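Inspection log for the structure reproduced underneath, given as structure tokens.
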Amino acid sequence: MKLHLITTFLLVFSFTFSFAQKDIKIEGTVIEEDTNIPLEYATVVVKTRADDKIITGGITDTKGKFQVEVPEGSYIVSVEYISYKTKSFPEQNFTQNTNLGTVNLALDVDTLNEVTVVAERTTVEIKLDKKVYNIGKDLTTAGGTVSDALNNVPSVTVDVEGAISLRGNENVRILINGKPSAMAGFGDSNVLSQLPAEAIERVEVITSPSARYDAEGTAGILNIILRQKETLGFNGSINLTAGNPDNVGLSATLNYRTENYNLFSNFGWRYFDAPRTSFSDVTYFDRIDEGQTITPEYRRIVEDQNVERLNRNYNANIGMEYFIDESSSITGSLFYRLGSDADTSLNSSERFNNNTIVEETLRREKETEEDNSYQIALNYVKRFADDSDHKLTVDFQYENDSEEGFTNLNEDYLFSDQTNPEPFQKEQEFTTEDKKEFLFQADYVLPLGEDSRFEAGYRGNFENEITDYRLEQENLDNGNLEVNDDVSNIFDYDENVNAVYSQYGTKFGEFSFLLGLRLEHTQLKGSIASDFTDEALNADFDKNYLGLFPTVNLIYNINGTESDSEESITVGFNRRINRPRGWFINPFPSRSSRTSIFQGNPDLDPAYSSTFDLGYLKRWDKFTLTTSVYYQHETDSFERVEENTGLQTSDGIDIIRTIPINLSTNKRTGAELGFLYNPNKWLRLNSSFNFFQFDTEGEFNDVDYSAKNTSWFARFSSKISLPWQIDWQTNASYRGAVQDAQSDTDGVLSIDLALSKELKIKKNSLTVSANVRDLLNSRKRQSTTTTEFFERYSEFQWRQRQVSLSLIYRFNQQLNKRERSGRPGNGGDDDMEFEG
């Protein structure tokens, strides 16, 4: 159908010029029969009856109007629009200007299934600085979250704790519609597990970002583009999900669009109980302290933890895009999110000496957290003259996030070989975090001729985060809770980034390139308020960094743009930065338990990386092959190390500290291979494979943490159309074993299954989906950590197998493929359109 429309358009275009001298005008207005909405891009064809030869034609404008010119004579006029019945006018003798009036087109229900198949197909586009994955209808994520959808994107993995990696590297920058956003959780990727996958239109995997993007993220950028409805009138979708373990969600996307403005909104509510389990078996070694051998109180400790996690999340995004005129628009939006979590943990701990249990305790933790955040965003777009690529874009965002956490901890003896053992202290933790962020951005694009473009811009990010942490512990003499001043503190942290950039791109023949340079100034500033007397922990800091970040992106179309078999080669180079976040710098320890703490490092400096990327794409009629090789060299890379603090709990257990450090250099080499195969309408196969090796060199506190390791991950997906219009999809992924300086982590296999059926209700649709995520209940992290002080085997499962049923009702969306010509969009995709 698309080929037919393209052919028709080319014929219409050529004949428009062939008959330049015409004096009879035929005009009219095309609208949808039921709604009276004007149909833009409807095709008007004028041809002779005798030999069925096309004489001329045209396309309707934004108001559905058309006008064509023909010589005097007899012709047949037809009006066509995708998924609508063609309207033809019998042969008429045109001797004077004629107005055909209003042409009503009725929806062709018989073609809707065919259109749906085309629209849902997952495709990949290769551009100068990114790969664009159009998600389509991924059945396994129906009723799921953005994190679930990302886990099905090639090159991207989401581990058992929700951490997102790109090519095996967790330092990836998450953007929403091209900008940092509260929807991405101020850098906390766990927030993405609260947003519905239905909101995603496509994901841009940017492994070689152009100079326009913030240089943050040594792995690259994931740009999540949310759905934007182009249909005039009122339209939207409603999604209801229920599952086990308890998972109930309701979300809605509602749009109302006219010729002058577009009102858009997204609402979501989710309640779920996500049980989490963990197990650890730790063996402690003797340690040397000032020449003396110190034997641990317990040789072995086995812990088994079960956590009930009740989560209630609400989010809403409302906004309006107003079209000032044909060349400019302004958009304002408000995003709000409220999260309420309540976790209850039971941790059984068995302590051994000489392989004999000597003590058993049960620790109870109750943790609550309230998260309240909002974002205000304004966007202005001005296009100059008749060139839609010549434009100025200005953005402003303000984000505010407030979190309040409370933890109550109590531990009791179940068994002990001691007589009247000293009781455990009750503990209470109070944490408040207030984050504010301002974003100012301006981008100017100037076309230079037909195939060249110059860009320049400025971006300023100004972020402040205040963390107030208070620990209260029981005084065993009187039973009162007293503040521990050695740990309680207030940490005030600022991260300010000012950047300017310029880039130039051009295309000549089958070769295109995009060259850019970005200059960024970073200020990392922190102050600490505490009663603790250690000057090292109370030291304020103010660090400033100035960096140049060049980018080079090249693409060569081997077969040319007119070939049926598309083939291209891409080459990319970029320099990136990884800035330490506030909690990585805060020197006061945060306690995940009595025996384990995380302590920030105020001496952390940013890490810098340089990456080279060589890619290849070959596309046939039914098969698409993509592959790439890459090399990354990172200096001052971050590494988390575990070490013994030399301190013990009241019952003699060593306290282990995790601390991030700049661990010298990290070299990463890898290769990717992916294919998409659509042999026929009822079968779609999709697979990707990523192989990488990293080599880390460095030491800390006289301990060598150098490591060299090879790992890989693979993904396979199949979608089959069964009888009775039922779709069946299977996704399987495997992440290979990985080793670092201290830990060996086993591979993880995960399988998802889904069945779906779409029911047509006049012009609307109802999709019923049933899916199982982690069919084998195998998404568990199993690892062994070895240091000079201890050896620990651990198992961790963030979320158990999930079974869900989803109902998605879509209404008035049959025109979604139509775009508005000459109107500024708000999708965040403004990069060079030199595609491979």
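The values are calculated or read from the model by the stated rules, or taken from the named source; none is laboratory data. Everything quoted here is computed from the prediction, not taken from an experiment. Using ideal geometry, Cβ is built from the backbone for each residue, glycine included, and neighbour counts are taken over all protein chains shown.
Tally the residues that are small (Gly, Ala, Ser) and within 30 Å of Lys391 (Cβ to Cβ), restricting the search to segment 327-371.
Within segment 327-371, residues that are small (Gly, Ala, Ser) and within 30 Å of Lys391 (Cβ to Cβ) number 5.
For segment 82-134, name all the residues that are in contact with a helix residue (DSSP H, G or I) (Cβ under 6 Å, 6 or more places away or on another chain) and at pLDDT 80 or above.
Within segment 82-134, no residue meets the criteria.
Just to check your reading of the model, which residue among Arg383, Arg287 is touching a His at 6+ places or on another chain (Cβ under 7 Å), more than 30 Å from Asn408 (Cβ to Cβ) and in the same structural domain as Leu263 (by TED's automatic domain parsing)?
Arg383
Which residues, counting only those in segment 659-690, are within 23 Å of Gly582 (Cα to Cα) and at pLDDT below 85?
Result: Leu663, Ser664.
Surrounded by 15 or more Cβ atoms within 10 Å (Cβ to Cβ) and under 21 Å from Gly526 (Cβ atoms) - does that describe any residue in segment 470-481?
yes
Within the bounds of segment 753-765, is there any residue that is surrounded by 15 or more Cβ atoms within 10 Å (Cβ to Cβ) and either among the β-branched types (Val, Ile, Thr) or under 30 Å from Ile653 (Cα atoms) (or both)?
So far as segment 753-765 goes, no, none of its residues is surrounded by 15 or more Cβ atoms within 10 Å (Cβ to Cβ) and either among the β-branched types (Val, Ile, Thr) or under 30 Å from Ile653 (Cα atoms) (or both).
Within segment 618-658, take every residue that is aliphatic (A, V, I, L, M) and either at pLDDT below 85 or not assigned by TED's automatic domain parsing to the domain that holds Glu297 (or both) and give me the one that is nearest to the chain's Cα centre (by Cα).
Val641
Quick grid of which residues meet (1) in contact (Cβ under 8 Å) with a residue 40 or more places away in the chain; (2) surrounded by 16 or more Cβ atoms within 10 Å (Cβ to Cβ); (3) basic (Lys, Arg):
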site: Thr595; (1), (2), (3): yes, yes, no
site: Pro602; (1), (2), (3): yes, yes, no
site: Pro606; (1), (2), (3): yes, yes, no
site: Ser610; (1), (2), (3): no, yes, no
site: Gly615; (1), (2), (3): yes, yes, no
site: Arg619; (1), (2), (3): yes, yes, yes
site: Ser628; (1), (2), (3): yes, yes, no
site: Tyr631; (1), (2), (3): no, no, no
site: Glu639; (1), (2), (3): yes, yes, no
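Of all residues being part of a strand (DSSP E or B) and either touching a Leu at 6+ places or on another chain (Cβ under 8 Å) or among the basic types (Lys, Arg) (or both) in segment 283-303, which is modelled with the lowest pLDDT? Just the residue, please.
Arg287
If we keep just the residues of segment 304-322 that are out of contact with any Lys or Arg (no Cβ under 9 Å at 6 or more places or on another chain) and at pLDDT 90 or above, which is nearest to Ala252 (Cα to Cα)?
Looking at the filtered set, the residue picked out is Ile318.
Being of a type in the set (Ser, Thr, Tyr), surrounded by fewer than 19 Cβ atoms within 10 Å (Cβ to Cβ) and touching a residue at least 40 places away in the same chain (Cβ under 8 Å) is the requirement here; does Ser488 meet it?
no
Using the structure shown, decide if Ala242 is touching a residue at least 12 places away in the same chain (Cβ under 8 Å), under 23 Å from Arg801 (Cα atoms), of a type in the set (Gly, Ala, Ser) and part of a strand (DSSP E or B).
Yes; evaluated as a whole, the condition is true for this residue.
Just checking: which of the strands (runs of 3 or more DSSP E) contained wholly in segment 692-793 hold 2 or more residues that are touching a residue at least 12 places away in the same chain (Cβ under 8 Å) and aliphatic (A, V, I, L, M)?
By residue number, 707-722, 726-735, 748-761, 764-773.
Within segment 251-269, is even one residue touching a Gly at 6+ places or on another chain (Cβ under 9 Å), surrounded by fewer than 15 Cβ atoms within 10 Å (Cβ to Cβ) and among the polar types (S, T, N, Q)?
Among the residues of segment 251-269, at least one is touching a Gly at 6+ places or on another chain (Cβ under 9 Å), surrounded by fewer than 15 Cβ atoms within 10 Å (Cβ to Cβ) and among the polar types (S, T, N, Q), which makes the answer yes.
How about segment 372-413: which of its residues are over 37 Å from the mean Cα position of the chain (by Cα) and of a type in the set (A, V, I, L, M, F, W, C)?
None - no residue of segment 372-413 is over 37 Å from the mean Cα position of the chain (by Cα) and of a type in the set (A, V, I, L, M, F, W, C), so the list stays empty.
Residues being in a strand (DSSP E or B) and either outside the structural domain of Pro245 (by TED's automatic domain parsing) or under 30 Å from Ser251 (Cα atoms) (or both): count how many of those fall in segment 273-282.
3
Just for segment 11-60: of the residues that are at pLDDT 75 or above and of a type in the set (Lys, Arg), which one is surrounded by the most Cβ atoms within 10 Å (Cβ to Cβ)?
Out of the qualifying residues, it is Lys47.
Out of (1) more than 35 Å from the chain's Cα centre (by Cα); (2) under 30 Å from Asn315 (Cβ atoms), what's the single condition that is false for Ser416?
Failed condition: (2).
Tell me the residue from Ile720, Ile761, Ile726 that is farther than 30 Å from Thr277 by Cα and either out of contact with any strand residue (DSSP E or B) (no Cβ under 7 Å at 6 or more places or on another chain) or basic (Lys, Arg) (or both), please.
After applying the criteria, what remains is Ile761.
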